[in-house]
Amino acid sequence: MKSDYTSDAMISKQIDRLVERTKWLAAGIAVATLPFTIYSWGNLLNQCSTYPVYSTMFVIGVFLFVLLARTTLAQSSFAIRLIGLERNLTQSVCAFAMSRQVVGYGKNQNQGSRVGWLGRGNWVMLAAPYFVPTATIVLWLLSLILFQSLRSLVLGFGVSYHLVAVLIQCKIGSSELRRLGRKFCWMFLPAINLLVAGCIAAFALNGFIGVGDFLLDWIRLPRWILNWLISAAGFVISPRVPAPGLP
């Protein structure tokens, strides 16, 4: 038993080392690809007229959440506990996926992570509640028995909740955010949440095909830019030589 525990601890530490090495790379990629995400959002908004029913229901879902957020329920301790429950669930799943043993949950609501795990952890485990839309995924699973138009409404409500919950947690502050660092949070969280929200909106319009189209647009823009730079460089470096016999 002791050797198994030691082996698991060593595996967890190795995973932490590997993941921590990707922290600033992930932040840099998030910032560098922000224009690509905005471009994909532009194409997505242009497609709204192609799916008027689903687009309308998605907007209605956003509007319903805005109305709910203005009530006293949104300011209640129940709402804070709900956000905390989602955070705990997200971190627990993430910890399990990274071979991390969860050992308990704290009781202090506003002092950062209430999920206790063995070892220090890594940046993905700390940041997961701030970009993984767990509540939106749960709402979508519960809405599978509904018509697709109603699922679009649920997704509009869910993505609004996710973004507002992230803002509330960032405003309150937590030990996760302090460990991640202000610079990293500003570089990574806005960009990744814009990408996540775009994928959810695309799914609301056209399912997994819509998500694929959104991500293809995200990839297509840098490819176009690269091809343009290559062609422009080729035109400058190697100008066209007239064929023999032609002026």
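The values are calculated or read from the model by the stated rules, or taken from the named source; none is laboratory data. Bear in mind that the values here come from a model prediction, so they are computed numbers and not experimental data. Neighbour counts are summed over all protein chains in view; Cβ atoms, including those assigned to glycine, are modelled from backbone coordinates with ideal geometry.
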| message | Pairs needed: first member in the range 142-153, assigned to a helix (DSSP H, G or I); second member anywhere, modelled with pLDDT of 85 or more and of a type in the set (D, E, K, R); C-beta distance under 8 Å; at least 6 residues apart or different chains. | response | Ser143/Arg151; Leu144/Arg151
| In this structure, does Ser160 turn out to be among the hydroxyl-bearing types (Ser, Thr, Tyr) and modelled with pLDDT of 90 or more? | yes
| Pair list, Cβ < 9 Å and 6+ apart or interchain, from the range 85-96 residues that are touching a residue at least 60 places away in the same chain (Cβ under 8 Å) and crowded, with 18+ Cβ neighbours inside 10 Å to residues that are among the acidic types (Asp, Glu) and in a helix (DSSP H, G or I) | Arg87/Glu176
| Of these, Val241, Val236, which one is modelled with pLDDT under 70, part of a helix (DSSP H, G or I), more than 14 Å from the chain's Cα centre (by Cα) and of a type in the set (A, V, I, L, M, F, W, C)? | Val236
| task | Examine the range 170-177 for a residue that is crowded, with 20+ Cβ neighbours inside 10 Å, at pLDDT 90 or above and touching a Leu at 6+ places or on another chain (Cβ under 8 Å), and state whether such a residue exists. | result | no
| How many residues does the range 159-197 hold that are under 18 Å from Val66 (Cα atoms) and of a type outside the set (A, V, I, L, M, F, W, C)? | 4
| query | So Arg81 fits all but one of (1) under 25 Å from Trp140 (Cβ atoms); (2) buried (at least 16 other Cβ atoms within 10 Å of the Cβ); what number is the exception? | reply | (2)
| message | Can you say whether Val19 is touching a residue at least 12 places away in the same chain (Cβ under 8 Å) and surrounded by fewer than 14 Cβ atoms within 10 Å (Cβ to Cβ), as far as the supplied structure shows? | response | no
